[in-house]
Amino acid sequence: MIRTTLLLTLALALGSVTCSAQKGGWIKLFNGKDLKDWNVKITGHNLDDNNGNTFRVQNGNLAVSYENYDAFNDQYGHIFHKKKFSAYLLVMEYRFVGDQVKGGPGWALRNSGAMIHSQSAKSMGKDQDFPISIEVQLLGGTGSGRRTTANLCTPGTNVVMNDKLITAHCVDSKSETYHGERWVRAEVLVLGDSIIKHIVEKDTVLVYEKPQIGGGNVSHADPALQQNGKLLSEGYIALQSESHPIEYRKVDLFDLSPYMKDKKKLDKKIKALQQRK
């Protein structure tokens, strides 16, 4: 009887913790303490081989670091949240820090990204560089000139804009440029295989629809996954390591899936989310 009571108490306590973590529909994908809800896949390494401790928790932030690398050597990496999502608002607060690791490509200077509607970490080939996914490309300013962030890149995918299939690998947003090591807030509104919006500091900077498999820019992927034209209505969320250190102090998600069958409720909820502080 005592054992049963203790187990019931423990279960209620755990349930309370879970509800707290998801209070108001928000889910903390990164809890600020550990990476237990994430899988790591780095090119040339097995699943969950976090080579060089690339992905780590540092001062309460999810940090991508290369201090244990002699050189980058095309070791592109991604850390995948273990849960699959379809319709949601993703909120990230990030900043670029320090210097690019030796051997990193020129285009990857102050360059990283968040992959949405991605294939799973488990389905990636050992030598695969990027997951088949939609990339919300995050760029930092270089000290002068214009360099937008929350751009669109399409590893193994295409999208539709203004009723036209877009096959270009990257499309710039209309965001401001953010120099230095300042924190930037980027949001992504994802509604299954329909509308996707990139939002930076509350300004909508890019809109597209019908994310689908197609195109190139992915090497060593399983051919069985390359089903050109297949719409992507769900997938995993992953954060990149592309040779420049970056930190995230927030990676939160509001799951909109329960609202997708009622457009009025969906629109009301999205409006409420957009009006929050």
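Summary table below
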item	result
Filter result (charged (D, E, K, R), surrounded by fewer than 14 Cβ atoms within 10 Å (Cβ to Cβ) and within 27 Å of Leu256 (Cβ to Cβ)) within the stretch 156-184	Asp163, Lys164, Lys174
Residue satisfying condition, being touching a Gly at 6+ places or on another chain (Cβ under 6 Å) and either crowded, with 23+ Cβ neighbours inside 10 Å or in a loop (DSSP other than H, G, I, E, B) (or both), within set Asn46, Asn68, Asn31	Asn68
Whichever residue in the stretch 49-65 is without any contact (Cβ under 8 Å) to a residue 40 or more places away in the chain and assigned to a loop (DSSP other than H, G, I, E, B) and, among such residues, is farthest from Tyr248 (Cα to Cα)	Asp49
Answer residue from the stretch 15-28, given it is among the small types (Gly, Ala, Ser) and surrounded by 11 or more Cβ atoms within 10 Å (Cβ to Cβ) and is modelled with the highest pLDDT among those	Gly25
Residue among Tyr88, Tyr94 that alone is under 28 Å from Leu231 (Cβ atoms), buried (at least 18 other Cβ atoms within 10 Å of the Cβ) and touching a Phe, Trp or Tyr at 6+ places or on another chain (Cβ under 9 Å)	Tyr88
Strands (runs of 3 or more DSSP E) lying entirely in the stretch 179-247 (those with 1 or more residues that are of a type in the set (D, E, K, R) and farther than 18 Å from Arg95 by Cβ)	195-200, 203-213
Residues that are crowded, with 18+ Cβ neighbours inside 10 Å, in a loop (DSSP other than H, G, I, E, B), under 17 Å from the mean Cα position of the chain (by Cα) and of a type in the set (Gly, Ala, Ser), drawn from the stretch 117-155	Ala121, Ser133, Gly140, Ala150
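The values are calculated or read from the model by the stated rules, or taken from the named source; none is laboratory data. As the structure is a prediction and not an experimental result, all values here were calculated from the model. FYI the Cβ positions are ideal-geometry reconstructions off the backbone, even for glycines, and counts take in every protein chain you see.
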